[in-house]
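Participant: To start, I am sharing the structure in question, which I have written as structure tokens.
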Amino acid sequence: MALGTGREWSWDGGDWVERSVPSTRIWDEGTAACFDERRSRIVLFGGGSQGHDWFVAYTSTPAGHALYGTSCVPVGAPVPDLFAIGDPSVGNRGFATGVRVDAPGRAVALLYGATAAATPFGLGCELAVGGPGVILPATSGAGGFGEIASRVPAAMWLRGTPVHVQAFALFGGGGIGASRGLRLMIGD
């Protein structure tokens, strides 16, 4: 960061690059930083010359998402398709996770958790999300799409936090289909 300028920079391994980070902070004299190896973050403290005491954890991890693991469905049923709508960036109120199934009106649920998993739960299926977690129910609408708003708070300390998601759909005869896991990385 360049003190007194409101500009922030990071080292990319070969050059200094100016970062575009949403910020209303005022950096001033008395600011210090160190690298937290356990959390892979830069921690900043200080700014006492203007009566401010800041404590900020930085990460250079960009927002993103990627599928992992395997899916499973009853014989003849379509696989629930899990996807991200936008990037899970800090302050993105428009971010959502969506699921596409074969028909409107299908009961679906999204499981959000803190870790990835590969826990077998029968018939070749695996639970791709570990706890702690929360299940959010939905119903597929037109075209078989279901969506759950997943607004990302404007809390800078969330940068670098992974969230794992898996979709489930209920099919006729009591069959359950499970999507692949979706890893969301909250970032800039």
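The values are calculated or read from the model by the stated rules, or taken from the named source; none is laboratory data. Since this is a predicted model, take the numbers as computed values, not measurements. Methodologically, a virtual Cβ is constructed for each residue, glycine included, from the backbone with ideal geometry; neighbour enumeration extends over all protein chains shown. These accessible areas exclude ligands, DNA and RNA; they are computed on the full protein's heavy atoms, side chains included. Shrake-Rupley method; radii C 1.70, N 1.55, O 1.52, S 1.80 Å.
Participant: Using only the heavy atoms of the protein chains and a 1.4 Å probe, how would ARG183, ARG93, ARG106 rank by accessible area, largest first?
Facilitator: The ranking, largest first, comes out as ARG93, ARG183, ARG106.
Participant: A follow-up question, please. Report the calculated FRET efficiency for ARG93 and ALA66 (r = Cβ-Cβ distance, R0 = 25 Å), to the nearest 0.05.
Facilitator: Calculated value: 0.65.
Participant: Next up: On the full set of protein chains, 1.4 Å probe, figure out the accessible area of GLU37 and give it in Å² to the nearest 10.
Facilitator: Solvent-accessible area, nearest 10 Å²: 150 Å².
Participant: A follow-up question, please. Does the stretch 63-188 classify as rounded, prolate or oblate by the C-alpha gyration tensor (a ≥ b ≥ c root eigenvalues; a/c under 1.5 gives rounded; else a/b over b/c gives prolate, otherwise oblate)?
Facilitator: oblate
Participant: Let me ask something else about it. Quick check: pseudo-label points 7 Å beyond the Cα along Cα→Cβ at VAL43 and ALA114, how many nm apart are they?
Facilitator: So the label points at VAL43 and ALA114 sit 1.8 nm apart.
Participant: Something else about it: For LEU170, what accessible area in Å² do you get when you roll a 1.4 Å probe over the heavy atoms of the protein chains, rounding to the nearest 10?
Facilitator: 90
Participant: I've got another one for you. At 1.4 Å probe size, with no ligands or nucleic acids counted, give the accessible surface of CYS34 in Å², nearest ten.
Facilitator: Surface accessible to solvent at CYS34 totals approximately 80 Å².
Participant: Let me ask something additional. Suppose R0 equals 45 Å. What FRET efficiency, 1/(1 + (r/R0)^6) with r the Cβ-Cβ distance, do ALA154 and VAL75 give to the nearest 0.05? Don't jump to the answer; show the numbers that get you there.
Facilitator: Values: r = 46 Å, r/R0 = 1.02.
The value I calculate is 0.50.
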